[in-house]
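Here the structure comes first, spelled out in structure tokens, and everything after it is commentary.
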Amino acid sequence: MTTDTQDNPTTPHPPPRGLFRTKSVEQSIADTEEPRHGLRKTLSALDLMVYGVGVIVGTGIFVVTGSVARQFAGPAVALAFIASAVVCGLAALCYAEFASTVPVAGSAYTFGYASIGELPAWIIGWDLVLELALGAGVVAGGWSGYVAELLSHFGIDVPTRLSHRGGHFGFDILASGLVLALTGIVLAGMKLSARITGLVVAVKVTVVLVVIFAGLFFITGSNYSPFLPPSRPHPAGDSQLHAPLVQLLFGFTPSSFGVMGVFSAAAVVFFAFIGFDIVATAAEETRNPQRDMPRGILGSLVVCTVLYVSVSLVVTGMQKYTRLDPDAPLASAFKSVGAPFWSGLISFGAAVGLTSVVMILLLGQTRVFFAMSRDGLLPRAFSRVHPRFGTPYRTTVLLGVVVALIAGFFSVGQLEQMVNIGTLFAFVVVAVGVVVLRRTRPDLHRAFRAPWVPVLPVLSVCASLWLMLNLSAETWLRFAAWMLLGLAVYFGYGRSHSRLGRGAGR
């Protein structure tokens, strides 16, 4: 293996110093042209939109809707989806500007490095690695539950020790096996991943449309009353750590439903929108990123918002929110109105559809890790690209095994909110980065310009922080612990091995 100096000789310029040294946009783009460390450009705007819809439409419809309606918002869960979509829309405009200006793998990590500096970039990269790993584990666990249900119809029961059903501790063999299989597909190349994703997306979008149109005939108006259930306190036995942080900070009594319940619900269903930011991780592998990245990011968000709001209104109209099954709300709603055929179809669509979500989360995670490795903040060995497949094969194998273990040992409920706080933090960094780069590099050509800067990025930061405050105090404590570990890794390894700091990034 060659040294960093051999890969990219240093120049006479002294290396930039300090924790907030930035990597120029020009250097970031130049790094993508290195023969052994650059990714192949194979994706179109349609591929990007399919990826976006493929990863967004998943757990939010098939799993999260029921639990959030029961616990936080009732039929007003539709308002929670709209609130989350607004937050995502503000962030999506910022992502679209960055992705078309800096078409390099790494998403928010790369954007932060080009605008705010190395330490903030490391923090957001470290955050994204956690977010996408846990996200893949969460969705793989949801997939496992649907598949186990389908297998039971054929007289095949998954042993308790090999699942998390019934609250028992075990190793989820189905979830882990899915992750390993999809890791192999991601390793084989982006174009193969895109073709499989396209097929899967067609199946699950069809199922979602069936739910919407078939469910319209079973809606009962009384199920919407009250649309916004009155606020009520959490049960006395609940730990304060489980309450939203904003309630603890400002002295609110921990509660569900009401207006605060909608915001708490929005912070949770936000998980359903994770995906458009992952489209940005594929910027380096897009044939015409300046034109296609904004279309892929914004187009997928619009399509999915319409689907989410429609499904949540139909499901809560079919069955009273207090009786929705938190694990499989769509299927249970059709069972409750005597339509078992549609229930079975939904279970099949969910099982098929969630596979694309896991695959794209894996893909996004490997690209962030790859970008950090190429910059020297993680070992450079992980930025080597396979000579045949054109993918970061070492990174893909490593992270695939790690996520398989996460999916096997942890249940959905233990991971869900950690994914949300990581994504919202990324949104904050990207919005700040847009403002900073507009001031420091006004000369850059921007194929897409976010409107109303700096007002729009400031609104994006405020909206993201508000949803973060509506996550539980326990989630914040876990997030803080992961960030402290990340700082230890940066100061122990990344800072001294940074190519930018050693002069190779100039």
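Read the figures in this text as sums done on the coordinates, not as results from a lab. A quick note: this is a predicted structure, and the numbers were derived from the prediction, not measured. We place every Cβ from the backbone using ideal geometry, glycine too, and count neighbours over all the protein chains shown.
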Under 28 Å from the Cα of Lys204, which lysines turn up, not counting those fewer than eight places away in the same chain?
Lys41, Lys191, Lys320, Lys335
In nm, to one decimal, how far is the Leu405 label point from the Ala481 one, both placed 7 Å along Cα→Cβ?
1.7 nm
Can you order the peptides 387-395, 338-346 by their average number of other Cβ atoms within 10 Å per residue, highest first?
387-395, 338-346
Return the Cα extents of region 365-481 along principal axes one, two and three, sorted largest first, each rounded to a whole Å.
43, 41, 21
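Evaluate Rg over Rh across region 31-107, taking Cα atoms for both radii and Kirkwood's formula for Rh.
Numbers: Rg = 17.4 Å, Rh = 15.5 Å.
Computed over Cα atoms, the ratio is 1.13.
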Using 0.36 nm times the number of residues separating Glu34 and Glu474, minus their current alpha carbon distance, what extension gain do you get?
154.1 nm
The local net charge around Ala92, scoring Lys/Arg +1 and Asp/Glu -1 for residues other than Ala92 whose Cβ lies under 15 Å from its Cβ, equals -1
Given the Cα-Cα distance of Glu26 and Phe341 and 0.36 nm per residue of separation, how much length would full extension add, in nm?
107.8 nm
Residues whose built amide H sits under 5 Å from the amide H of Leu43, excluding neighbours closer than 5 in sequence, are Thr286, Arg287
Please work out the FRET efficiency for the pair Thr206 and Val489, using the Cβ-Cβ distance as r and a Förster radius of 60 Å; give the result to the nearest 0.05.
0.85
Show the residues, 5+ positions off or on another chain, whose built amide H is closer than 5 Å to the amide H of Ser256.
Arg232, His234
Once phi is turned into θ = phi - 60°, what whole-Hz ³J(HN,Hα) does the Karplus curve with 6.51, -1.76 and 1.60 give for every residue of region 185-192, x standing for Gly and Pro?
5, 4, 5, 6, x, 5, 5, 5
Ignoring everything except DSSP H segments at least 4 long, calculate the 222 nm mean residue ellipticity for the chain; use -39,500 (n - 2.57) per segment, divide by total residues, nearest 500.
-20500 deg cm²/dmol
Taking 22 Å as R0, compute the FRET efficiency from the Cβ-Cβ separation of Val86 and Arg449 and round it to 0.05.
0.60
For every other residue with a beta carbon closer than 13 angstrom to the beta carbon of Thr42, add +1 if it is Lys or Arg and -1 if Asp or Glu, then tell me the sum.
+1
Counting sequence-distant residues (5 or more places) and residues on other chains, those with an amide H built under 5 Å from that of Arg21 are Glu118, Leu119
